[in-house]
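Asks: Next up is a structure, given as structure tokens.
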Amino acid sequence: MAQNPIITDQFIADPSARVHKGRLFLYPSGDKVPEEGHVFFNQSAGFCMPGYHVFSLNGGSTWVNHGWILKEKDVPWGMKNVCAMWAPDCIEKNGKYYFYYPAKAKNDDKYRRIGVGIADNPEGPFKWEKNFIQGMFSIDPGILLDDDNQAYIFVKSGDGIKVAPLSDDMKSIKHELINVEGLPAGYKEGPFPIKIKNRYYLIFAHNLANNGYTIGYAISDKPMGPYLYYGNIMDMIGKDTNHASIVNYQGRWIFFYHNWALSGHTKLRSVCAEYMTINDDGTINKVVPTLRGIGAPMPGDTIQIDRYNAINGAMTTFVGGNEPAGWMVTEAENNSYVIFNDVNLADGSAKRIQARVACGQRGGIIEVRQNTPNGELIAKFDVKYTGGWNNWKTIENDIISNKKGMINLCVVFKGPHKVANLNWLLIKPHKTK
Ligand code: FUB
């Protein structure tokens, strides 16, 4: 999957994004529907979180799922069957990858502990340390590696955000956690530290009036602070958690966060991403949630057209029938259209295009044009009755006028009735022998 939310075949939250070996990796936590009879322990806050997957971007807009990196049952020091694996982080130091995660420890009455695993590759496999890091009972580890190779672990601990330098082997802390000074009043968690142009940034989730979370940021000239609070990067998106990270990928800043648009349930979350900009004075411009999100679909990537930049005359709703979870364009009357920006046609060699459609009436024409409803015609589909508005069929046709590089698509529906429900488009990569 591609646009917001970026993954729709499972629930993930608390995204920690990192570029490793030039590739964009995502280390989220995972939410799941509790099994019948699941006993929540008293500090679960209603979450059922069984462990971690890792994802990476293919360069276009498809996220590759590298599978499980850690399940609760494999935490050497962890309590079983509590599903308490909250927000993780993963950084690289001297060619090794260190994955930090909170879990509930067995034989321990403390809140949560933080463990670490070490790998030779960003996607693992990780070798898990036998015990948790001593001297902390915390959640939400966020790691900063400074230019002098000193790493720091930031956590939510007690009622604030704390920090300590990590030992050189990254498996313990050099001294006890200290409070990060200079942050605003109110509940804070989800620290994500990052150094940008000699400034230390601390991004964090902030729940000032127990009302819902904003994402705030603070800046310091020293890794452990004191920090100066600059306000919100993202305002409240609803009355529950948010948790963010930022990363520079291929020259652009990307802001990752989570919402619960897919499930409608605040404990079953999905990760989203937006482009973000930083001003010359170091301040960060506010990020507004969109459907379109980031990434430029390439030939072979599905173009989730319902995650539009603009729409006119049609609307979107959840897809039904046997389709995987997600949304579709629907109620597409004559001349309604949807605009989806930034599709990467690469060298322009693609010859065929597919559309995933469902039609419960007499059909009509779907035109794919460049930029606007009257823009150059790129492809055209003659849509017929498919057996119902949720009976899905993939149809395919020639690309009439191919382009190279980045273009914006405008999909126009034409017909005397509602034309079709449209789930996605896909430009087929041209195979040469
Ligand atoms: O995902 C469980 C907890 O909710 C995280 O640790 C917090 O940051 C919040 O997102």
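The values are calculated or read from the model by the stated rules, or taken from the named source; none is laboratory data. A quick note: this is a predicted structure, and the numbers were derived from the prediction, not measured. Here the Cβ is made from the backbone with ideal geometry for all residues, glycine too, and neighbour counts use every protein chain on show. Accessible surface is based on the protein model in full, side chains and every heavy atom, while ligands, DNA and RNA are left aside. Shrake-Rupley method; radii C 1.70, N 1.55, O 1.52, S 1.80 Å.
Asks: Let me make sure I get this right: for the range 86-141, a, b and c are the square roots of the gyration tensor eigenvalues over alpha carbons, sorted descending. Under 1.5 in a/c it's rounded, otherwise prolate if a/b > b/c, else oblate. Which is it?
Replies: Prolate, because a/c is 1.5 or more and a/b exceeds b/c.
Asks: Next question, about the same structure. Taking Cα centroids, how far is the range 375-433 from the range 273-290 in Å?
Replies: Centre-to-centre distance over Cα atoms comes out at 34 Å.
Asks: In terms of the Cα gyration tensor, with a ≥ b ≥ c the square roots of its eigenvalues, is the range 11-276 rounded because a/c is under 1.5, prolate because a/b exceeds b/c, or oblate?
Replies: Rounded, since a/c falls under 1.5.
Asks: A further question on this structure: Listed here are the pairs LYS80/LYS171; LYS96/LYS267; LYS71/LYS197; LYS71/LYS267; LYS21/LYS403; LYS403/LYS431; which of them are more than 27 Å apart at the Cα?
Replies: LYS96/LYS267; LYS71/LYS197; LYS21/LYS403
Asks: A further question follows. On the principal axes of its Cα set, how long, how wide and how thick is the range 302-428? Give whole Å, largest value first.
Replies: The principal-axis extents, from largest down, are 37, 26, 23 Å.
Asks: Determine the order of LEU177, LEU166 by accessible area, beginning with the largest, at a probe radius of 1.4 Å.
Replies: LEU177, LEU166
Asks: Can you give the net charge of the other residues whose Cβ lies under 9 Å from the Cβ of MET234, counting K and R as +1 and D and E as -1?
Replies: -1
Asks: Please tell me the relative contact order of the chain in percent, rounded to the nearest whole number, where contacts are Cα pairs under 8 Å and at least six residues apart.
Replies: Answer for the chain is 12 percent.
Asks: Next question, about the same structure. Carbon and sulfur atoms: what percent of the 1.4 Å accessible area of the range 68-125 do they account for?
Replies: Using a 1.4 Å probe with all protein chains present, the range 68-125 comes out at 45 percent carbon and sulfur.
Asks: Might you tell me the accessible area per residue for the chain, computed with a 1.4 Å probe and given in Å²?
Replies: Heavy-atom SASA per residue in the chain reads 41 Å².
Asks: Return the FRET efficiency for the residue pair HIS175, ARG362: r is the Cβ-Cβ distance, R0 is 60 Å, and the value is rounded to the nearest 0.05.
Replies: So, using R0 = 60 Å, E works out to roughly 0.25.
Asks: Shape of the range 115-180 from its Cα gyration tensor (a ≥ b ≥ c, root eigenvalues): rounded if a/c is under 1.5, otherwise prolate when a/b > b/c, or oblate? Mind showing how you got there, number by number?
Replies: Values: a/c = 1.84, a/b = 1.43, b/c = 1.29.
It comes out prolate by the Cα gyration axes.
Asks: So what J values fall out for the range 161-166 if you push phi through Karplus, 6.51 cos²θ - 1.76 cosθ + 1.60 with θ = phi - 60°, rounded to Hz, Gly and Pro as x?
Replies: 9, 10, 8, 8, x, 8
Asks: In whole Hz, what ³J(HN,Hα) sequence does the range 246-255 give by Karplus (6.51, -1.76, 1.60; θ = phi - 60°), x for Gly and Pro?
Replies: 10, 8, 9, 10, 6, x, 10, 7, 10, 10
Asks: Can you give me the % of accessible surface on the range 302-428 that is carbon or sulfur? Probe 1.4 Å, all protein chains present, nothing else counted.
Replies: Working: 2450 of 5460 Å².
In the range 302-428, the share of accessible area belonging to carbon and sulfur is 45 percent.
Asks: Pick out which of PHE40, PHE255, PHE340 has the largest mean-square fluctuation in a Gaussian network model of the chain, springs linking Cα atoms closer than 10 Å.
Replies: Comparing PHE40, PHE255, PHE340 in the GNM, the peak value goes to PHE40.
Asks: If amide hydrogens are placed 1.01 Å from N in the peptide plane, which non-local residues have theirs closer than 5 Å to the one on ASN334?
Replies: GLY415
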